[in-house]
Structure formats: structure tokens, C-alpha cells
Amino acid sequence: MTKAGIVTELLNPENQAAGAGIAEVQAAAGRIIDQLERVIVGKRAILTRVVTALLCEGHVLLEDVPGVGKTMLARSLAATIGGAFQRIQFTPDLLPSDVTGSLVFDPRTAEFSYRPGPVMANVVLADEINRAGPRTQAALLEAMEERHVTVERERKPLPRPFFVIATQNPVEMDGTFPLPEAQLDRFFLRTSIGYPSEADEIAMLRRFRTGTPLDALTALTAPEELTRLIAAVRGVRIGDAVERYLLALIRATRDDERIAMGASPRGSLALARAAQASAALAGRDYVLPDDVQAMAGPVLAHRIMPAAQFGLRGLSSDDLIAAIVEAVPVPVEAAAQL
């Protein structure tokens, strides 16, 4: 798309003071992504998206074929941020209590005590989430949204940060329970790792020949420090012009005849937060239209539903979001004078 211009921000002393925290976010995120690349070879753009969601306290849905590194990515991220990791293998017989935990009777004290489920971790891998029944899926998705679980009417807060990476196999559909649109909307973004290039796969073979790089990963931060970085990202400014541009993209998904269901208000909030994180990773304390455009596909594509007649023509959700980004005019603002 040919842009008429970009929004230019005024670098006043207040903004410069805020930039110190943003520089710290950029440096920490860069170190995290660099270390993840030691395990997930040649997928820096995907790793950046995952770290972006982490800094927004969002959750990621990975739709990909088996064996491309989804589990390795989740384990590597947990090791890198110094957080607890749990993997939940979703199967048709998995119960909600297998996710959230349950009360267990202790005969010594004659009392029930809470036994935490695997959801009580900083990084949770929900492997093949579409293989479990709707009740079990809902138990995890409620925890993702509310940041707590309820066991026998007792609320149990989840650790912070709390980050879910859920996987789906887009090929095998037998014996699965596809997530409905209302539940897909709870994921901050959707992406896929994809197959590596030939050069990257050669590098991977050599790197994993004598062992796994995962064993050599070190904690580059701690959950408490990551929480502070998340707060700094929330402070990134979104100007009025960029905010109106972001909402114009959202409204366009609701007005387009090719789309049966447009993005929700939750999608608006997610896109705004993703743009803030994108700006922070670029070392800025203000959002540009470029940040909104870069995150529009991963954040919005799974939140819309193509109209039946257009879906039959091969138009995917990603195609429709790309077309909307192309069509909506980019705001222009005169250069600020220092």
C-alpha cells in the first residue's frame, strides 16, 4: 500500500522520560527473542509475535502441523522468563478438574484441601485444545479471561504472568471439537510457525546433533520483572489520529459485505495493546499506523467470519484483513516542530 504519510510525534521532555522504561522493554524483549532463536531456528518474526502477546498479557493460538516446534517454543519461553511450565495434553476424556485442579479429602485432617491443576503455572501449553470436549475447553478459556479458577465456589488466583499457548492441528479434524468463534475471540492472536527453509533446517540439524539447545537456556528475567515490563508497555501512547485509524479498521470489518461477523470490542482492545507492544519493541513510546498494520492480521483474522459466498471463493480471514488494511486510509499529520 502506498502511504500518504505517517504520524510524527513530538519528543517533549515527558515523553523522553517515559522512553527510559521503553528502552528497557526493547532490550529485554530482544534478549528473550535472541535466546528463543537458539531453539526455534529462523522464525524470528513468529517469536516476536509470541513475545508481543506475552508483553500484553494475551494468549496465543498456534495452528500448525505436528513437529514444527510448538511444544519446544512453549518450554523455551518458560525457561527464558524463569517461570513455571506445564503442558496439558487435551484428549476427549479430559475433565475440567484435570485442568483447574480439585479438592482432595485428607483423612489425617478430615478436611478437603485444594490440589492445584496444571493451569497453575506461568506458561501453559494446551496441546491440541480442539481434541477436548467443550466443557474442558471452557474451563481453560475462563481461566485465560478471568485470571483465576473457581473450585467448589472458591476462587483461586492464577500466577502472574499467566500465558497460554494453545495448539491446533489444522489437518486432522476427526474426533475434534473445533473452538467456536466466541472462544476463539479470547485468544489475543493466532499465528503459525510453519516449515523451516532449507538453510534453517540444515542449521537445526547441526544444532540438535549432539543435544538439545533447550538444556542450555538460562533465565534472562523473572516473572516479577516481566510484570514490570508489561506495565511499561501499557504506558505507550496512542495518539488520537492513530486511535481513530485503529477503530476505522475495526469498523471496516463490521461493514464489509464479505464478512459475516466483524471484530468485537475485545478485538479493538487487543489490537491497541498489540500496537503498543509493537512500538515498545521498536524502541518507541508512541504508536504509529505501522504498528497497527503489522498486528492487524494476527490479532483480527481469527475474530472475523467470512460470509459463506466469499469463503467458497477461497477468501480467507487473513486475505480479508489484508484487503481492509489496504483500503482504509492512513492518517497524515503535519511534522511536529520542536
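Summary of computed values
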{"quantity": "Spans of helices (runs of 4 or more DSSP H) in region 176-286 with at least 2 residues of a type in the set (A, V, I, L, M) and in contact with a helix residue (DSSP H, G or I) (Cβ under 6 Å, 6 or more places away or on another chain)", "calculated": "223-234, 240-255, 265-281"}
{"quantity": "Unique match (being under 30 Å from residue 273 (Cα atoms), part of a strand (DSSP E or B) and in contact (Cβ under 8 Å) with a residue 40 or more places away in the chain) among 62, 103, 54", "calculated": "62"}
{"quantity": "Residue within region 287-310 that is out of contact with any Gly (no Cβ under 7 Å at 6 or more places or on another chain), among the charged types (D, E, K, R), surrounded by fewer than 22 Cβ atoms within 10 Å (Cβ to Cβ) and not in a helix (DSSP H, G or I) present", "calculated": "no"}
{"quantity": "Any pair with Cβ under 8 angstrom, 6 or more apart, that starts in region 210-230 at a residue that is among the polar types (S, T, N, Q) and ends at one that is part of a loop (DSSP other than H, G, I, E, B)", "calculated": "212/39; 221/82; 227/160; 227/161"}
{"quantity": "Region 28-62, residues that are within 24 Å of residue 208 (Cβ to Cβ) and among the charged types (D, E, K, R)", "calculated": "31, 34, 37, 38, 43, 44, 49"}
{"quantity": "Test: residue in region 326-338 that is touching a helix residue (DSSP H, G or I) at 6+ places or on another chain (Cβ under 9 Å), under 25 Å from residue 59 (Cβ atoms) and in a helix (DSSP H, G or I)", "calculated": "no"}
{"quantity": "Filter result (over 16 Å from the mean Cα position of the chain (by Cα), of a type outside the set (Val, Ile, Thr) and either modelled with pLDDT under 90 or in a loop (DSSP other than H, G, I, E, B) (or both)) within region 70-95", "calculated": "82, 83, 84, 90, 92, 93, 94, 95"}
{"quantity": "Residue match in region 186-193 (condition: under 27 Å from residue 168 (Cα atoms), in contact with a His (Cβ under 6 Å, 6 or more places away or on another chain), in contact (Cβ under 8 Å) with a residue 40 or more places away in the chain and among the hydrophobic types (A, V, I, L, M, F, W, C))", "calculated": "yes"}
{"quantity": "Filter pass, residue 153 being in contact (Cβ under 8 Å) with a residue 60 or more places away in the chain and under 28 Å from residue 103 (Cβ atoms)", "calculated": "no"}
{"quantity": "From the options 267, 262, 297, residue that is without any contact (Cβ under 8 Å) to a residue 60 or more places away in the chain and closer than 21 Å to residue 62 by Cβ", "calculated": "297"}
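The values are calculated or read from the model by the stated rules, or taken from the named source; none is laboratory data. Keep in mind it's a predicted model, so treat the numbers as computed, not measured. In this analysis, Cβ positions are derived from the backbone assuming ideal geometry, glycine residues included, and neighbour counts consider all displayed protein chains.
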